[in-house]
1. How large is the translational diffusion coefficient of the stretch B:333-377 in µm² per second when you combine the Kirkwood radius over alpha carbon pairs with Stokes-Einstein at 20 °C and 1.002 mPa s?
2. Mind checking which aspartates and glutamates have their Cα closer than 18 Å to the Cα of B:LYS368? Skip sequence neighbours fewer than 8 apart in that chain.
3. Would you mind calculating the gained length between B:ASN68 and B:ASN358 on full extension (0.36 nm times residue separation, minus the Cα-Cα distance), in nm to one decimal?
4. For B:ASP97 and B:GLU246 in the same chain, what is the full-extension length gain: residue separation times 0.36 nm, less their Cα-Cα distance, in nm?
5. Hey, what did chain B get for relative contact order, percent, Cα under 8 Å, at least 6 apart?
6. Does the stretch B:28-151 come out rounded, prolate or oblate, given a ≥ b ≥ c as the square roots of the eigenvalues of its C-alpha gyration tensor, rounded meaning a/c under 1.5 and, failing that, prolate meaning a/b above b/c?
7. Where Rh is the Kirkwood radius over the Cα pairs of the stretch B:81-130, the temperature 25 °C and the viscosity 0.890 mPa s, what D in µm²/s does Stokes-Einstein return?
8. With a ≥ b ≥ c taken as the square roots of the eigenvalues of the C-alpha gyration tensor of the stretch A:273-339, please select rounded if a/c is under 1.5 and otherwise prolate if a/b is larger than b/c or oblate if it is not?
Amino acid sequence: MRIHFSLALSFVSLAWLVAPRGAYAQRPDEHAGMAGMSMPDSAGPSRWHVMAQAIPVLTHAAHTAGGADLTEGYLAQSVLMTRGSLWRGHAQLDATLNGEGLTMTRGELSTGGFGEGYVDRRHPHAYLHELVLTGVGSFGPFNYSASAGRGFAPFGTDDPMMRPFEKYPLNHHLAQILERGLIAGAMRVGPAIVEGATFGGDEPTSPSAMPRLRRFGDSWSMRATLLPRPGTELQASYARIESPEQASGFGLDQRKRSASVRMISRDGSRYALAEWASTAEWDGDRNVEAFAYESALAEAAATVGPIGVAVRLEQTGRPEEERLADPFRTPRPASDLAITGITRWRVGTLALTLPSVTHGAVRGYPFVELARLSARSTVATSVFSPERFYGGGSPWMGSIGFRVRYGPLHARMGRYGVALADSPAIRALGVSADAPHAHQH
Amino acid sequence: MHPSRQLALLAALSASLAIAACSGSDTPTVPDPNLGTGGPRTPVTMSVLGVGDFVPRRTTGELFVRGNIAYTTTWNNGTASSPFYIWDVSGDPTLIDSVRVANASTLGDIVTTPDGAYLVVATEYSQGSIVIYSLADPRKPQLVSRFSNAETFAGVHTAEVGLVNGKPYAFLSVDPAGTLAAKLVIVDLSNPAAPQQVFSKFIGRPYVHDTFVRDGLLFLGLWNDGVAIWDIGGGGKGGTPSSPVELGRVQTVNGHVHNIWWLKDPVTGSNRYAFIGEESPATGSSSAGDIHVVDVSNMSAPREVAFYTVPGAGTHNFSVDEPNGILYAAYYNGGVRALDVRGDLGTCTDAQKSTPTNSTTPLCDLTKMGRELGIGLLDRGNPVYIWGVQYVNGSVFASDMLGSIWKMRPVSRP
């Protein structure tokens, strides 16, 4: 499947129109990663930020798996995050604990979503979502960092949790590589950043699964980022992942590519992202490409008075796999290398975030999301027929919920050390100027 | 014989064959009479004798035919129970009935015991089992028992049944699940009402996908670990179903060993070749994977000597018409392929060799050797995706994932 050039051009144009101009600044109730700590701060004290979040959400999905209409509620994105500097700024620690394995074991209704044995639901993430220690330094014009631990490989765009929608995009498994045991390095010279990492390709098989030591180092990724002006970020990345879905290492490999443009205004009130990502599944035994999936996504957000408004358009190819008795699950590992087809999903999502409700140091940001979807097989004669499986109607989803948060919002997620460019948080995600400065530095 | 008589005889023979080919009887489809012996041939198009009168909303999986009754499974149902269908195939395949199997989202395999007294159905996932039915009335299978335990729980992907020293056994290829590896489980079916597990072993990398049992030898398709041959009572090494002894192992090109057929040719007496199906990635509309021919004349050192490939399509399950030396292979989007497998498959000229995908060693290429006799179901106007095939009593049956069941006239030897 190929995304039409015109579609991609439209996405980029949309991003450009929405994008802000001017410098950026960090608000007091947000935390732009450790941007301000890219260099060792020889004089400053250690700085730590803690954020706790949970999203009680009610979702109605019409014409989802099996043609069913379902309404379900969960506690999604329940996380405890901390970022801090150590040893006078020479080291940084990123840690995220994720409770979804306890609060949404069956996964979150997300028609069109897929990954880690879940389909039409988003899987719960690993309890130990991220634990990365990073050392930073500089030499002349070069700023560098080295990271180790479990976390994000340098590939693709920011984690959807720090983007202005509660529902993850369908391309999550095409556009990010996370929860891997890794060693990564980054170097920044002026506006250019280059990162590389080696890691274990195996994706988690359950929330409690840890990266397998024997798989460490079988995969790698690289990402180049250009910051032509404040608030604007161009990114291109490539990854080779060995057998992500077959922990024993004998499944199909993946070759992934990503390119994106991200823009955000200096106060985070306007934001846009356009990204393209592709994943080719590689049969290493025959040394040929087996399947390929492609995604184009554009999203934008702005605050209109006290209301946050966000729009996302996405087209993503999804592999269709055999399903279990629970039609939202697929066997992991699969019992062979076959899929039953590739479905091209198109999704339009509108999200509104309402003014916050405060209770002591805890803030709640009510939101509403609506998504309209369409699914079509890329080959009309495939064994899998989305029309038949989804009952012929047009799937849609509606969600209401609260982002309940304690502590400053982390603005970015998915980069470490000098690779983490300064950026404010996206205000449409729920950021208020008068927020309490819990755990601020 | 006088030349004019020879011509008259030839004409009569040709006319007879032409009439037979058009008659709709079970007379074999005759290959192109111009087929040569030294190079590629033009395969015949296999004649269709009938197609199922019912197309399930579900995806059709494996089939098994005994006598005039066929059974087809349903696959990837995404529901808590799955049906299999019962067909009368004495004429056009006609649906007779269906049987719903509880606690099964997929029925991947189905087979009868050699005496035809029982039907064994493999179930997946997460309550993997074999379900055993009495075929006292083959049109109305009656549940006898269900065998399931912690070792089969992940799902029974395939179940083969064979006699070992007169006793029926089922050989279950159990799926991997989570961090648990795939497993082979052997079950004694002497008492179908109370099957007894006699052996289990984690095996295959990452799967044990299928088995083939004959004369006390068990062939195992171990995916990237190739093919293993075990003595389970007929190999002379003291092996039994409860204590197998490995005789030999071979890595076929590209691995992905999916299924096996060890040929015993009743005409030539040869038992030299095993045919190995390679299942490479398939997309539900395309597929990949070759048939690999392994010389097993020395069971302790089997070696690949030939292969068969179809560009753009890959093989799935086989059936061999042994009296006629013809292998029928399900080939997903490539329909059904009929190959002449009698005689020496491992000796060929350089011109008859090709190099398999991702290999550097040329092997005898069955197509170049003129052994591709027939192609079935690619002339129907609509695409097919053929899962299983079986030669039975002068007919070839095929299960179609996009449809139901096909009945075809077999090809004949050149």
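Since every read-out is calculated from the coordinates, none of them should be taken as a lab result. Since the model is a prediction, treat every value here as computed from it, not as a measurement. Glycine gets a Cβ as well: all are built from the backbone with ideal geometry, and neighbour counts include every protein chain shown.
1. Values: Rh = 11.6 Å.
Reported coefficient: 185 µm²/s.
2. B:ASP32, B:ASP290, B:GLU304, B:ASP340, B:ASP344, B:ASP350
3. On the way: separation 290, 0.36 × 290 = 104.40 nm, distance 4.30 nm.
Full extension of this stretch gives 100.1 nm more.
4. On the way: separation 149, 0.36 × 149 = 53.64 nm, distance 4.24 nm.
Taking B:ASP97 through B:GLU246 to full extension adds about 49.4 nm, to one decimal.
5. Once divided by the residue count of chain B, the mean separation gives 15 percent.
6. Values: a/c = 2.17, a/b = 1.93, b/c = 1.12.
Since a/c reaches 1.5 and a/b is larger than b/c, the shape of the stretch B:28-151 is classed as prolate.
7. Numbers: Rh = 11.9 Å.
D, rounded to a whole number, is 206 µm²/s.
8. Oblate, since a/c reaches 1.5 and b/c is not below a/b.
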